[in-house]
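All remarks here apply to the structure that follows.
The values are calculated or read from the model by the stated rules, or taken from the named source; none is laboratory data. The structure displayed is predicted, hence computed values, not measured ones. Neighbour counts run over all protein chains shown; Cβ positions are idealised from the backbone, glycine included. Keep in mind that these areas ignore ligands, DNA and RNA; they rest on the heavy atoms of the full protein, side chains included. Shrake-Rupley method; radii C 1.70, N 1.55, O 1.52, S 1.80 Å.
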Amino acid sequence: MATGEKAGLAIHYLGLPVKQIRSGGDKYISEVLNYLSVHAALRYLDFSDCVWSQRETHFRASWHAVATALKQNLWAIRQGWRLPRGDWILINSYYKQQSFLFVWFARYVRRCKLALMVNALYYRSRGSSFLNWLDRVLMWVFLKPAHVVIANSETTKNELVRLHLPMGKVSVVCPRLDLPPPLTRPAPIKDETVFSLIFVGQCKPFKEVHLLIEAVGKLRHLPMHLHIVGDASPEGGYLSLLKRLIDKWGIEDSVTFHGRQEGEALTCRYHMADVLVSPGSGEGYGRVVIEAMHFGLPVIAAAAGASKQLVNDGVNGLLFKPGDSEDLARTIQTLYDDAELYEKMAKRAREDSKLANFTRDVGNQVWQIIREAT
């Protein structure tokens, strides 16, 4: 019997066990769930029998998306009738569209307690100002009934407080960092005649990879190559959008999609790069920013979200105006043109990466927050 069962503390997670780690967010929630499965009576609200929309709605609104979200909420509410009063419910904000009505039902009808986790902010990177505003409203509606909100960084906490959530309700639990392993073989020989940019992460709209491709297109007269490392989601046509942009700018030979890489393959990719670019303005933590700095790469990032805290503009990297591909192109060219500045930033980036915390016990921290609020 689990410790939580002996103590009478039951936790229901709205979602499924993480079977495959595809992102830093997956790793974060997986470590939390693994810990809670040992120390609490953890149960999953399995939504596999509910038809979930596979359409990406970051860049457009549709009645289909609205209808699907309402259907998912009704499904969750139906499941919620079975929950004992006083039990805890854990939900990642990734599922806010599927549960923004359910959380109100769970708290005020079933009298359950809510622990809601936030590890990314999307409302700066939607396809229009209206969708950004709508996403902010949806986030507030989702988080308002929570007993505790768990943010993955001080940056995320500050953003949530700006949504008029009480500061005392929001706790910070940073992800655990583990770097790609050192090479057991010599690194490939780098082509010094090409300025190599790297993006690491999922190719989804909130990562704003399209800005980076547009910037590379504006700099196509330079010997430059962009390496995109990470899963390219075919959902909603975002990958097709990226390929159309590549065709539009005529940079087919200057952009390579490598797919997801990890272990020594990822280490090699960092060794072969000159600069990491993180164009997304809604990053909650910025794990890859620290990874890149560890390998001595200056980072160019949007002046928003966690990147703004991790990148010291002009010291270990450069910041550009969020959502502005023209400013991003100018920023990339600044590092391309100034070798002395580049070397100074590369050295400082490596030093600053050592300040990151690589030993945080993520699951235990979340467990203690829930226990103290019980």
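Of note:
- For the set GLU252, GLU192, solvent exposure ranked by accessible area (probe 1.4 Å, protein chains only) runs largest to smallest as GLU192, GLU252.
- Where labels lie 7 Å past Cα in the beta-carbon direction, separation of ASP337 and LYS19 in nm: 5.2 nm
- Degrees separating the helix 129-143 axis from the principal Cα axis of the chain, which is the longest one: 40 degrees
- For region 67-107, the square roots a ≥ b ≥ c of the C-alpha gyration tensor eigenvalues yield an a/c of 1.5 or more together with a/b not exceeding b/c, which makes the shape oblate.
- Ordering ALA346, GLN333, GLY314 by the projection of their Cα atoms onto the charge dipole of region 310-365, which places +1 on the Cβ of Lys and Arg and -1 on the Cβ of Asp and Glu, puts ALA346 at the extreme positive end.
- For LYS344, the aspartates and glutamates whose Cα falls under 15 Å of its own Cα, not counting residues fewer than eight places away in the same chain, are ASP274, ASP313, ASP352.
- Straight-line reach from LYS169: taking Cα to Cα under 16 Å and skipping same-chain neighbours fewer than 8 places apart, the lysines in range are LYS113, LYS144, LYS157.
- Of HIS221, CYS203, LEU245, farthest towards positive along the dipole that unit charges on Lys, Arg, Asp, Glu beta carbons give region 196-246: HIS221
- A probe of 1.4 angstrom, applied to the heavy atoms of all protein chains, finds MET293 with accessible area near 10 square angstrom.
- Under 5 Å from the amide H of GLY296 lie the amide H atoms of ARG350, each residue being 5 or more positions distant or on a separate chain, with H modelled from the backbone and absent for Pro and chain starts.
- Positive-pole candidate from SER128, ILE77, LEU138, dipole of the chain, charges at beta carbon: ILE77
- Scattering profile of region 334-374 at q = 0.27, 0.28 Å⁻¹ [log10 I(q)/I(0), Debye over alpha-carbon scatterers]: -0.87, -0.89
- Given charges at beta-carbon only (K, R positive; D, E negative), |dipole| of region 235-293 in Debye: 160 debye
- C-alpha long axis of helix 238-249 to longest principal axis of the chain, angle in °: 20 degrees
- The listed peptides 90-97, 298-305, 177-184, 66-73, ordered by packing as a protection proxy, come out as 298-305, 90-97, 66-73, 177-184 (highest mean of other Cβ atoms within 10 Å first).
- Pair-distance profile P(r), taking every C-alpha pair of the chain, with 10 angstrom steps and integer %: 5, 23, 32, 24, 13, 4, 0
- Relative contact order computed over the chain (Cα-Cα under 8 Å; 6+ residues apart), in percent: 16 percent
- Averaging 1/r over each pair of different alpha-carbon atoms in region 176-287 and inverting the result gives 14.8 Å, the Kirkwood hydrodynamic radius.
- Taking a straight Cα-Cα cut-off under 26 Å and skipping sequence neighbours fewer than 8 places away in the same chain, the lysines within cross-link reach of LYS347 are LYS190, LYS308, LYS321.
- Given +1 at the Cβ of Lys and Arg, -1 at the Cβ of Asp and Glu and no other charges, the dipole of the chain around its Cα centre is 1720 debye to the nearest 20.
- Taking region 188-297 and dividing mean pair separation by its residue count, relative contact order in percent (alpha carbons under 8 Å, at least six apart): 38 percent
- 3J(HN,Hα) along region 164-175: 6, 8, x, 4, x, 7, 9, 10, 10, 10, 6, x Hz, from the Karplus curve 6.51 cos²θ - 1.76 cosθ + 1.60 with θ = phi - 60°, whole Hz, x for Gly and Pro.
- Computed from backbone phi with θ = phi - 60° and the Karplus coefficients 6.51, -1.76 and 1.60, the 3J(HN,Hα) list for region 184-197 is 9, 9, x, 5, x, 6, 7, 7, 6, 8, 10, 7, 9, 9 Hz; x is used for glycine and proline.
- Area accessible to solvent at ASP253, 1.4 Å probe radius, in Å²: 140 Å²
- Across region 13-24, coupling constants 3J(HN,Hα) worked out from phi with the 6.51/-1.76/1.60 Karplus curve, θ = phi - 60°, read 9, 7, x, 10, x, 7, 8, 9, 7, 10, 7, x Hz, and Gly and Pro carry x.
- Sorting LEU211, LEU16 on solvent-accessible area from highest to lowest, probe radius 1.4 Å, gives LEU16, LEU211.
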